Amino acid sequence: MSASSIEPHGGKLINRISKNIDVKDLYQLQINLELANDIENIADGIFSPLQGFMCKHDFENVVQHGALANGLSWTIPIIMDVDEATAKQMQNSKDVMLKTNYNNIAVLHIDEVYTYDKKQIMEKIYRTTDINHPGVKKTSLMKNFLVGGKIDYLERPDSINRMHRKTPIETREQFKKLRWNSIIAFQTRNPPHVAHEMMQKTALVNHDGLFINPLIGKKKTGDFKDDVIIKSYETLIDLYYAKETCELATLHTDMKYAGPKEAIHHAIMRQNYGCTHIIIGRDHAGVGNYYKPFDSQQIFDHYQDLKIKPIFFPAFFYCDICLSFTNSKACPHDIKNRNQVSGTKLRQMISRKIIPSKYIMRPEISKIIINHKSPFVD
């Protein structure tokens, strides 16, 4: 299957970009950057087949069964929450202008306003009601009404962190130009470890191209900042990847930390970009100990309608006895011989200006992070 012909999820790439909407005298609502990103992702088809925020039937089916009302796989609710007074005003207005501090972003055509059960989201999407889980905490702070309806997108924002943002139309055209028929997507919210690089290159051996697609958006305290991630991958690709084997593009949405449910969502978005495969590693999109290490791989058994195919990898590391990067399936040696550190320990080293081993992180990447005045989300 060629990149240009792999079907978007649901069979059609959605386009909700519009220039001919009458916006005079519309009720206006200020929204945050997080919501603005999701609206743009709907408009560009990254969230295909969605054409707007979910109405009640789709929302409840996604939460309960991991599928839209028509049965098509979908695991993360794409929703807009508002308070009661705003909900009433929006329902009366029918068409609402959504705006940020700088732009009129989109018009939302109201189809439905409804209440919902926050605890149900926590239990079904995040598999926990523990308030320490970042997704549960976010859900607990949501307002009590949801608004569903299609959007028409009007104007893109301007930001330096958007320089690598690409639409599915653009990525599909680029894959076709490069004559890539099999494309591996790599989701990340971190700067690259050498182990990540080796995993990517191992997968690349049997495929035409690698699509590195860092998630840029709201993350939990202690995660790396967006500009650190972008600069790290720019440097890695420039220094360590063969020309025309790797493309970098940023995905602008927030991390949910929903483990297996989010792994499916990540795959759907990359299918819409035109990727044929996606790397799903150990504890993909996980946080803490809320999910078992390979839950995010096993969930794909239940989502057979996806066109994109997962590539499963255990964690990579450098073995001092094997004298190579390897993984637990290939290396028989004790853990004491492995060059690997936890994310917590790596952050501690960086905070103390300690450069990690070259077998853990490329020196050029370490310097970018250590020289950054504040590399972590507060």
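The values are calculated or read from the model by the stated rules, or taken from the named source; none is laboratory data. Predicted, not measured: the structure shown is a model, and the values here were computed from it. Here Cβ is always computed from backbone atoms with ideal geometry, including for glycine, and neighbour counts include all displayed protein chains.
Structure data summary
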| quantity | calculated |
| --- | --- |
| Qualifying residue in region 97-115 (condition: surrounded by fewer than 18 Cβ atoms within 10 Å (Cβ to Cβ), of a type in the set (Ser, Thr, Tyr), free of Cβ contacts under 8 Å to residues at least 40 places away in the same chain and outside any loop (DSSP other than H, G, I, E, B)) | yes |
| Residue count for region 119-147, restricted to those that are over 18 Å from residue 255 (Cα atoms), surrounded by fewer than 21 Cβ atoms within 10 Å (Cβ to Cβ) and not polar (S, T, N, Q) | 3 |
| Region 153-170 - residue that is surrounded by 17 or more Cβ atoms within 10 Å (Cβ to Cβ) and out of contact with any strand residue (DSSP E or B) (no Cβ under 7 Å at 6 or more places or on another chain) and, of those, farthest from residue 7 (Cα to Cα) | 166 |
| Contacts under 9 angstrom Cβ, first residue in region 7-21 being not assigned by TED's automatic domain parsing to the domain that holds residue 149, partner loosely packed, with under 15 Cβ neighbours inside 10 Å and polar (S, T, N, Q), 6 or more apart | 10/70 |
| Cβ-Cβ under 9 Å pairs, at least 6 apart or on other chains, region 325-354 side at positive phi, far side surrounded by 16 or more Cβ atoms within 10 Å (Cβ to Cβ) | 353/370 |
| Verdict on residue 295 being among the acidic types (Asp, Glu), surrounded by 14 or more Cβ atoms within 10 Å (Cβ to Cβ) and closer than 30 Å to residue 9 by Cβ | yes |
| Count of region 226-236 residues which are closer than 11 Å to residue 164 by Cβ and surrounded by 18 or more Cβ atoms within 10 Å (Cβ to Cβ) | 4 |
| When residues of region 316-333 are limited to those that are out of contact with any strand residue (DSSP E or B) (no Cβ under 6 Å at 6 or more places or on another chain) and either of a type in the set (Gly, Ala, Ser) or modelled with pLDDT under 95 (or both), the one surrounded by the most Cβ atoms within 10 Å (Cβ to Cβ) | 328 |
| Residues that are touching a helix residue (DSSP H, G or I) at 6+ places or on another chain (Cβ under 7 Å) and at pLDDT 90 or above, drawn from region 155-171 | 164, 167, 168, 171 |
| Residue within region 57-68 that is in a loop (DSSP other than H, G, I, E, B) and among the aromatic types (Phe, Trp, Tyr) present | no |
| Only one of 45, 52 that is touching a strand residue (DSSP E or B) at 6+ places or on another chain (Cβ under 7 Å) and crowded, with 19+ Cβ neighbours inside 10 Å | 52 |
| Per-region count, region 230-288, residues modelled with pLDDT under 95 and assigned to a helix (DSSP H, G or I) | 0 |
| Qualifying residue in region 67-77 (condition: of a type in the set (Phe, Trp, Tyr) and in contact with a helix residue (DSSP H, G or I) (Cβ under 8 Å, 6 or more places away or on another chain)) | yes |
| Candidate set from region 198-225 (those that are closer than 24 Å to residue 271 by Cβ and charged (D, E, K, R)); member that is surrounded by the fewest Cβ atoms within 10 Å (Cβ to Cβ) | 201 |
| Meets criteria (at pLDDT below 95 and out of contact with any helix residue (DSSP H, G or I) (no Cβ under 8 Å at 6 or more places or on another chain)) for residue 132 | no |
| Top-ranked residue in region 238-254 [being among the hydrophobic types (A, V, I, L, M, F, W, C) and touching a strand residue (DSSP E or B) at 6+ places or on another chain (Cβ under 6 Å); ranked as surrounded by the fewest Cβ atoms within 10 Å (Cβ to Cβ)] | 249 |
| From 317, 376, residue being touching a residue at least 40 places away in the same chain (Cβ under 8 Å), in contact with an Asp or Glu (Cβ under 8 Å, 6 or more places away or on another chain) and not basic (Lys, Arg) | 376 |
| Region 334-348 - residue that is modelled with pLDDT of 90 or more and either in contact with a Cys (Cβ under 8 Å, 6 or more places away or on another chain) or crowded, with 16+ Cβ neighbours inside 10 Å (or both) and, of those, farthest from residue 222 (Cα to Cα) | 337 |
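Condition check ((1) of a type in the set (Asp, Glu); (2) part of a loop (DSSP other than H, G, I, E, B)) across all residues:
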site	(1), (2)
123	yes, no
135	no, no
142	no, yes
181	no, yes
